[in-house]
Amino acid sequence: MAVVASAEAGLNAIRKGATIVQLRAPDLTARQLEAEANALVPKASVPVVVSSRCDVALAAGAAGVNLPERDIRVAEARTLMGQRLVGRSVHSIESAVAAEREGADYVIFGPVWPSPSHPEEKPQGIQALAEVACAVRIPVLAIGGVTSERVEECARAGAAGYAAITLFR
């Protein structure tokens, strides 16, 4: 999963091999985010999820939404999103289990390693990733400091995939 802040970056990430794109641009207004989503979704050859904004995801016809832990509950998002994807970014086993119980389709766990995009977050480590992957039946994506050299390590720990910002730039 490529985590991008614009339609242009999303299309570039797809050209670099991203199999899903998360549009995450917390500094944009809802109207600006919708414009980026409307520019990306119709041109994307892979599913696009919008971070945190069910309304924008629905308005743009996105494949779904990814919710930070501090966001609305997965169950409420599921009511709004219907059969579209609902993911949750988590930082603990407990949060991953709760997201699965509420109906999340996947979780993004991390940061696994130090991350330049979230320097304030304490790295959880590869063992914690493995524990989360064992604790839930839904796919777990690793995030935070994931490099091309670390992708295999994530897979060995049980991650179904990974999410990254800098890897797709």
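Since every read-out is calculated from the coordinates, none of them should be taken as a lab result. Since the model is a prediction, treat every value here as computed from it, not as a measurement. Quick reminder, even Gly has a Cβ in these numbers, built from the backbone with ideal geometry, and neighbours come from all protein chains shown.
Some values worked out for this structure:
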item: Packing rank of 93-102, 54-63, where each peptide gets the mean count of other beta carbons within 10 Å, highest leading; result: 54-63, 93-102
item: Order by protection proxy (mean Cβ within 10 Å, highest first), peptides 27-33, 75-81, 139-145; result: 139-145, 75-81, 27-33
item: Under 5 Å, built H, 5+ apart or other chain: amide partners of VAL86; result: VAL65, ASP105, TYR106
item: Relative frequency of Cα-Cα separations exceeding 22 Å in the chain, percent; result: 38
item: Distant-in-sequence amide H partners of ARG53 (H built 1.01 Å from N, under 5 Å); result: ASN66
item: Mean Cβ neighbour count within 10 Å, used as a protection proxy, ranking 3-9, 148-154, 118-124 highest first; result: 3-9, 148-154, 118-124
item: Residue-wise HN-Hα coupling along the range 110-126, computed from phi with Karplus coefficients 6.51, -1.76, 1.60 (Hz; x: Gly, Pro); result: x, x, 6, 10, x, 10, x, 7, 9, x, 7, 8, 6, x, 8, x, 5
item: HN-Hα J in Hz across the range 160-169 - Karplus 6.51, -1.76, 1.60, θ = phi - 60°, x for Gly and Pro; result: 6, x, 8, 10, 8, 9, 5, 5, 9, 6
item: Extension gain, ARG169 back to VAL151 (0.36 nm per residue minus Cα-Cα distance, nm); result: 4.9 nm
item: Residues whose placed amide H lies under 5 Å from that of GLN22, excluding near-sequence neighbours; result: ALA2, VAL3, VAL4, VAL49
item: Nitroxide proxy distance, nm - points 7 Å out along Cα→Cβ at ALA160 and GLN32; result: 3.3
item: Gain upon complete extension [ARG137, LEU80; 0.36 nm per residue less C-alpha separation]; result: 18.2 nm
item: Between the range 19-90 and the range 92-123, the alpha-carbon center distance in angstrom; result: 17
item: From phi via Karplus (6.51, -1.76, 1.60), per-residue ³J(HN,Hα) for the range 7-17 in Hz, x at Gly/Pro; result: 4, 4, 5, x, 5, 5, 4, 5, 4, 8, x
